[in-house]
Amino acid sequence: MPESPLERLVVTTEHYRTSTEEPSIWLGCLHHYNCGVLVGQWFSAVGAGEVTLADVHAGSGLGYAECEEIHGFDVDCIPVNREMSAMEAAQWGEVFEEVGTGQWPALCAWVRSGSYVAQGDTDLPCVGDFEERYAGHWDSFADYAYQLAEDLDMFDGLPEDHVAVRYFGWSSWIHDLKMDHSVESDCHGGVYVFRSL
């Protein structure tokens, strides 16, 4: 009795990436997928455009003489959650290299906010615009606002007991200030703040 497609399922779990924070893509063989066999690997988005059919089939034990196309079935640490080509993943990898590991989570939050500037008609963010708009990672938007007030010397020269200081409408000011910003959760209780220019 012939095997069912599920009995022939081949999944490789080796990740060709340096860390779990690095953007990556699961590239698979479209021919085998259409035949009911899942063959592929996780690859770093950096350089994903150079992945070959041999790389995708490595460790599967299956030949690839009839195979022609590599398809991106899944992504990790890329802020758009959809299938994409290896070339598009490589473009995300270039953005990752440009901003670096430290700023990558903030850039991903900026894209997820929907208030980001994209490159042309792509989903790729403009790094220069990100750097201009990024106002930092904060415990809360209020913390950002209080620091901004201090940086702007809003009450410079006034004593702490001055009526303008004591009765200043902080909540109203913070509410209005927030309208000029995008705020995105970091999923750990803090927020990323971006200026709307």
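Condition first: open to solvent by less than 20 Å² (accessible area, probe 1.4 Å), modelled with pLDDT of 95 or more, touching a strand residue (DSSP E or B) at 6+ places or on another chain (Cβ under 7 Å) and under 29 Å from Glu132 (Cβ atoms). Can you find one or more residues in the stretch 95-106 that meet it?
yes
From Tyr146, Tyr134, which residue is over 27 Å from Val46 (Cα atoms) and either in contact with a strand residue (DSSP E or B) (Cβ under 6 Å, 6 or more places away or on another chain) or open to solvent by 40 Å² or more (accessible area, probe 1.4 Å) (or both)?
Among Tyr146, Tyr134, only Tyr146 is over 27 Å from Val46 (Cα atoms) and either in contact with a strand residue (DSSP E or B) (Cβ under 6 Å, 6 or more places away or on another chain) or open to solvent by 40 Å² or more (accessible area, probe 1.4 Å) (or both).
Taking the stated definitions as given, is Ser115 within 21 Å of Ser185 (Cβ to Cβ), at pLDDT below 95 and of a type in the set (S, T, N, Q)? Step through it out loud before you land on a result.
Working: within 21 Å of Ser185 (Cβ to Cβ): yes; at pLDDT below 95: yes; of a type in the set (S, T, N, Q): yes.
Yes: the conditions hold for Ser115.
Would you tally the residues in the stretch 163-180 being assigned to a loop (DSSP other than H, G, I, E, B) and either open to solvent by 70 Å² or more (accessible area, probe 1.4 Å) or hydroxyl-bearing (Ser, Thr, Tyr) (or both)?
Summing the residues that are assigned to a loop (DSSP other than H, G, I, E, B) and either open to solvent by 70 Å² or more (accessible area, probe 1.4 Å) or hydroxyl-bearing (Ser, Thr, Tyr) (or both) in the stretch 163-180 gives 3.
Can you say whether Leu158 is without any contact (Cβ under 8 Å) to a residue 60 or more places away in the chain and in contact with a strand residue (DSSP E or B) (Cβ under 9 Å, 6 or more places away or on another chain), as far as the supplied structure shows?
no
Inspect the stretch 181-196 for any residue being of a type in the set (Gly, Ala, Ser) and in a helix (DSSP H, G or I) and give the result as yes or no.
So the first thing to find is which residues in the stretch 181-196 are of a type in the set (Gly, Ala, Ser), and the list is 182, 185, 189-190, 196.
Then keep just the ones that are in a helix (DSSP H, G or I); that gives none.
Within the stretch 181-196, none of the residues are of a type in the set (Gly, Ala, Ser) and in a helix (DSSP H, G or I).
How about the stretch 89-113: which of its residues are in contact (Cβ under 8 Å) with a residue 12 or more places away in the chain and either outside any helix (DSSP H, G or I) or in contact with a Ser or Thr (Cβ under 7 Å, 6 or more places away or on another chain) (or both)? I'd like the intermediate steps shown before the answer.
At the first step, the residues of the stretch 89-113 found to be in contact (Cβ under 8 Å) with a residue 12 or more places away in the chain are 89-99, 101, 103-113.
Once the filter is applied, which keeps residues that are in contact (Cβ under 8 Å) with a residue 12 or more places away in the chain and either outside any helix (DSSP H, G or I) or in contact with a Ser or Thr (Cβ under 7 Å, 6 or more places away or on another chain) (or both), the stretch 89-113 yields Gly93, Thr101, Gln103, Ser113.
If Glu160 satisfies every condition in (1) open to solvent by 90 Å² or more (accessible area, probe 1.4 Å); (2) at pLDDT 95 or above; (3) not in a helix (DSSP H, G or I) but one, which is the exception?
Evaluating Glu160 over (1) open to solvent by 90 Å² or more (accessible area, probe 1.4 Å); (2) at pLDDT 95 or above; (3) not in a helix (DSSP H, G or I) leaves (2) as the failure.
Matching residues to (1) touching a Pro at 6+ places or on another chain (Cβ under 9 Å); (2) at pLDDT 95 or above; (3) closer than 25 Å to Glu94 by Cα:
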{"site": "Thr20", "(1), (2), (3)": "no, no, yes"}
{"site": "Ile25", "(1), (2), (3)": "no, yes, yes"}
{"site": "Val37", "(1), (2), (3)": "yes, no, no"}
{"site": "Gly59", "(1), (2), (3)": "no, no, no"}
{"site": "Tyr64", "(1), (2), (3)": "no, no, no"}
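Hey, does the stretch 33-44 have a residue that's open to solvent by less than 60 Å² (accessible area, probe 1.4 Å), small (Gly, Ala, Ser) and closer than 30 Å to His137 by Cα?
Looking through the stretch 33-44, at least one residue is open to solvent by less than 60 Å² (accessible area, probe 1.4 Å), small (Gly, Ala, Ser) and closer than 30 Å to His137 by Cα.
Here are some residues: Gly93, Gly63. Which one is among the small types (Gly, Ala, Ser) and under 14 Å from the mean Cα position of the chain (by Cα)? Write out each step before concluding.
Values: Gly63 fails: under 14 Å from the mean Cα position of the chain (by Cα).
Selected residue: Gly93, the only one of Gly93, Gly63 that is among the small types (Gly, Ala, Ser) and under 14 Å from the mean Cα position of the chain (by Cα).
Within the stretch 56-88, track down each residue that is open to solvent by 60 Å² or more (accessible area, probe 1.4 Å) and either part of a helix (DSSP H, G or I) or of a type in the set (D, E, K, R) (or both).
Across the stretch 56-88, the qualifying residues are Glu66, Glu68, Glu69, Asp74, Arg82, Glu83, Met87.
The values are calculated or read from the model by the stated rules, or taken from the named source; none is laboratory data. On a predicted model such as this, the values are computed, not experimentally measured, just so you know. Every residue, glycine as well, gets a Cβ built from its backbone with ideal geometry; the counts of neighbours run over all protein chains shown. Heads up: the accessible areas ignore ligands, DNA and RNA and are worked out on the full protein's heavy atoms, side chains in. Shrake-Rupley method; radii C 1.70, N 1.55, O 1.52, S 1.80 Å.
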